[in-house]
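Undergrad: One structure, as structure tokens, below. Some questions next.
The values are calculated or read from the model by the stated rules, or taken from the named source; none is laboratory data. The shown structure was predicted, so the numbers you read here are calculated from the model rather than taken from an experiment. Glycine gets a Cβ as well: all are built from the backbone with ideal geometry, and neighbour counts include every protein chain shown.
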Amino acid sequence: METFELITNRRSIRRYSSQPIREEVVNKILQAGMSGPSCVNARDYAFVVVQDKQKLLQMFEACGSPAAPLKDATLAILVCGDLNRSFSMAKDYWIIDASIAAQNMSLAAYDLGVGNVWLGVWPQDERVQNLIDLFDLPANIIPHSILSMGYPEDDRDMHMLSEERKREKFEQDRIHREKW
Ligand SMILES: Cc1cc2nc3c(=O)[nH]c(=O)nc-3n(C[C@H](O)[C@H](O)[C@H](O)COP(=O)(O)O)c2cc1C
């Protein structure tokens, strides 16, 4: 898919088939995650790749009902920030760097035919703490988001975004030129 097509067609996919995702596909998705920009090139992110069904369910339980897509996901990537690597003058940039990594992985997965949805974790303290406990994360590693993934239950879901919907998303009143 062309980059522009990929970006404008992407949509969240929350229902998946049981088809597993091959290791080479997982590695491509992770490579995309580590290909984005980061503040002072700190690359202050880390990923926990989960394919074990039991663990996926525990991640769902850690985050509650908004994370329901994990119940039939075949893969989840917990995107984390690594405070030991973040820019010392402004550590909060880790949040932006982790977001870029997550979005790049979401787009790459979509391009590879893997449906996915971003599940919010940070800054919801309870979810953050539950995931720290579940994965026994070191003190410098902060859970940021989860990408719940799987091949779509219905392949048509990947291409459901109509030209009309794409046009609707381009909202002129969000745009200001030269002045507010
Ligand atoms: C920070 C963030 C948190 C999100 N959290 C959830 C979530 O907990 N559960 C969920 O089903 N979708 C979640 N989403 C996905 C959004 O609901 C989705 O992107 C939005 O409705 C637009 O739909 P689209 O992705 O199909 O364009 C989240 C997205 C972002 C960026």
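Undergrad: Please count how many residues of segment 106-143 are surrounded by 17 or more Cβ atoms within 10 Å (Cβ to Cβ), under 26 Å from Ser88 (Cα atoms) and either among the basic types (Lys, Arg) or under 9 Å from the mean Cα position of the chain (by Cα) (or both).
TA: 1
Undergrad: Oh, and also: Which one of these is of a type in the set (S, T, N, Q), more than 19 Å from Asn41 (Cβ to Cβ) and out of contact with any helix residue (DSSP H, G or I) (no Cβ under 9 Å at 6 or more places or on another chain): Ser65, Ser145, Ser99?
TA: Working: Ser145 fails: out of contact with any helix residue (DSSP H, G or I) (no Cβ under 9 Å at 6 or more places or on another chain); Ser99 fails: more than 19 Å from Asn41 (Cβ to Cβ).
Answer to the check: Ser65.
Undergrad: Let me ask something additional. From Ile175, Ile141, Ile95, Ile132, which residue is within 14 Å of the ligand (Cβ to nearest atom) and at pLDDT 95 or above? So that I can check it myself, show each step before the final result.
TA: Numbers: Ile175 fails: within 14 Å of the ligand (Cβ to nearest atom); Ile141 fails: within 14 Å of the ligand (Cβ to nearest atom); Ile132 fails: within 14 Å of the ligand (Cβ to nearest atom).
Ile95 is the lone residue from the list that is within 14 Å of the ligand (Cβ to nearest atom) and at pLDDT 95 or above.
Undergrad: In segment 45-75, what residues are within 11 Å of the ligand (Cβ to nearest atom) and either buried (at least 18 other Cβ atoms within 10 Å of the Cβ) or not in a helix (DSSP H, G or I) (or both)? Break it down into steps so the answer makes sense when it comes.
TA: Within segment 45-75, the first condition is being within 11 Å of the ligand (Cβ to nearest atom), and the residues that meet it are 60, 63-70.
Passing the criteria: Phe60, Cys63, Gly64, Ala67, Pro69, Leu70.
Undergrad: Of all residues in segment 1-22, which are in a loop (DSSP other than H, G, I, E, B) and either small (Gly, Ala, Ser) or within 15 Å of the ligand (Cβ to nearest atom) (or both)?
TA: Taking segment 1-22 and keeping what is in a loop (DSSP other than H, G, I, E, B), we get 1-2, 10-15, 17-22.
Across segment 1-22, the qualifying residues are Arg10, Arg11, Ser12, Ile13, Arg14, Arg15, Ser17, Ser18.
Undergrad: Okay, moving on. Looking at the structure I just gave you, is Val25 away from the ligand (no atom under 16 Å from the Cβ) and buried (at least 16 other Cβ atoms within 10 Å of the Cβ)? Before you say what the answer is, go through the steps one by one.
TA: On the way: away from the ligand (no atom under 16 Å from the Cβ): yes; buried (at least 16 other Cβ atoms within 10 Å of the Cβ): yes.
For Val25, the condition - away from the ligand (no atom under 16 Å from the Cβ) and buried (at least 16 other Cβ atoms within 10 Å of the Cβ) - is met.
Undergrad: Out of Ile21, Ile96, which single residue is at negative phi and within 14 Å of the chain's Cα centre (by Cα)?
TA: Details: Ile21 fails: within 14 Å of the chain's Cα centre (by Cα).
Residue meeting the stated conditions: Ile96.
Undergrad: Next up: Mind listing just one residue for me: the one in segment 28-44 that is within 21 Å of Ala90 (Cα to Cα) and of a type in the set (D, E, K, R) and, of those, surrounded by the fewest Cβ atoms within 10 Å (Cβ to Cβ)?
TA: Initially, segment 28-44 is screened for residues within 21 Å of Ala90 (Cα to Cα), giving 34, 36-44.
After this cut, where a residue has to be of a type in the set (D, E, K, R) as well, the list is 43-44.
Working: Arg43: 16, Asp44: 26.
Taking the candidates together, the pick is Arg43.
Undergrad: Any idea which residue in segment 76-91 is farthest from Asp44 (Cα to Cα), counting only those that are more than 16 Å from the ligand (Cβ to nearest atom) and of a type outside the set (A, V, I, L, M, F, W, C)?
TA: First, pick out the residues of segment 76-91 that are more than 16 Å from the ligand (Cβ to nearest atom): 82-91.
Those left that are additionally of a type outside the set (A, V, I, L, M, F, W, C): 82, 84-86, 88, 91.
Numbers: Asp82: 5, Asn84: 8, Arg85: 5, Ser86: 5, Ser88: 11, Lys91: 10 Å.
The qualifying residue farthest from Asp44 (Cα to Cα) is Ser88.
Okay, residues lined up against (1) farther than 20 Å from Asp157 by Cα; (2) without any contact (Cβ under 8 Å) to a residue 24 or more places away in the chain:
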site	(1), (2)
Gln19	no, no
Lys28	yes, no
Ala42	yes, no
Lys53	yes, yes
Met59	yes, no
Ile95	yes, no
Ala98	yes, no
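Undergrad: With the condition kept exactly as written, say whether any residue in segment 156-171 is part of a loop (DSSP other than H, G, I, E, B), within 15 Å of the ligand (Cβ to nearest atom), touching a His at 6+ places or on another chain (Cβ under 7 Å) and aromatic (Phe, Trp, Tyr). Can you show your working first?
TA: Here is the first cut: in segment 156-171, the ones part of a loop (DSSP other than H, G, I, E, B) are 160-162, 170-171.
Filter once more, so that each one left must be within 15 Å of the ligand (Cβ to nearest atom): 160-162, 170-171.
After this cut, where a residue has to be touching a His at 6+ places or on another chain (Cβ under 7 Å) as well, the list is none.
No - not one qualifying residue is present in segment 156-171.
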